[in-house]
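No value in this document is a laboratory result; all are computed from the given coordinates. This is a predicted model, so every value here is computed, not measured. Counting neighbours? That spans all protein chains shown, and the Cβs are built from the backbone with ideal geometry, glycine included.
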Amino acid sequence: MSLEGKSIAILVAPRGTEEPEFVEPKCAAEQAGAEVTVISLKSGKAKTNNKDLDPGGEYPIDTTFAEVSANAFDGLIIPGGCVGADKLRADKDAVAFVKAFFDQEKPVAAICHAPWLLVEANVVAGRRLTSFSSIRTDIENAGGSWVDEEVIVDEALITSRTPDDLPAFCAKLVEGFAKGRAGETQAAKRDGSA
């Protein structure tokens, strides 16, 4: 499936994002032809983590939440990592950026602790999704239906539990980004073109 011509945003939190959950989805989108933009709280470079506590690599940040709008992108990837997700959900600009993708019905792929941002953005009510098991109660308290499966697709929302789920997660995010907006997918089904 090709993502040629698609512009995808990926979030990273300095000293907090789980490295494989950042690197593998970014590579999957790029290999499918997307242009991927790394967005963070501040400019420069971001150090990632492995298993939340061990140091990972360092990656350049393309832009910050203050400098960009969801309007510029066709889809969003939110990697997990307990520390990274917590840093991002505490930032009002990051939360507003995430919410804008849901307001515009654009595809969003979130893995591990990343659904904390979805809870903070108040977009999980009535949705079926998964996450790292420790935030199940947060999702359910926000009105979401939590499921223990490697990847869940609920309209334009794609979620997975842990780095073990990355192969399935990456495959589904490429597929979801290729389909586009939730509204476009529903309209295509009604017209018989999907």
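Amide H contacts under 5 Å for residue 81: 18, 113, 114, restricted to partners 5 or more places along the chain or on a different chain, H placed in the peptide plane at 1.01 Å from N. By other beta-carbon atoms within 10 Å, ranking 170, 82, 112 with the fewest at the front produces 82, 170, 112. Each of residue 148 and residue 66 was given a label point 7 Å from its Cα along the Cα-to-Cβ line. The distance between the two points is 4.4 nm.
Decide, for the stretch 1-67, between rounded, prolate and oblate: order the square roots of the alpha carbon gyration tensor eigenvalues as a ≥ b ≥ c, take rounded if a/c falls under 1.5, and otherwise choose prolate if a/b is larger than b/c, else oblate. Verdict is oblate for the stretch 1-67. Among the listed pairs 51/106; 42/172; 92/179; 42/99; 106/172; 47/92, a Cα-Cα separation exceeding 26 Å is found for 51/106; 42/172; 92/179.
Between 174, 23, 38, the residue with the greatest mean-square fluctuation in the GNM of the chain (Cα pairs under 10 Å linked by springs) is 23. For the stretch 114-161, the equivalent ellipsoid derived from the Cα gyration tensor has semi-axes of 14, 12, 9 Å, listed largest first. May I ask you to work out the translational diffusion coefficient for the stretch 7-191 at 37 °C, viscosity 0.692 mPa s, via Stokes-Einstein with Rh from the Kirkwood sum over Cα pairs, reported in whole µm²/s? Roughly 207 µm²/s, to the nearest whole number.
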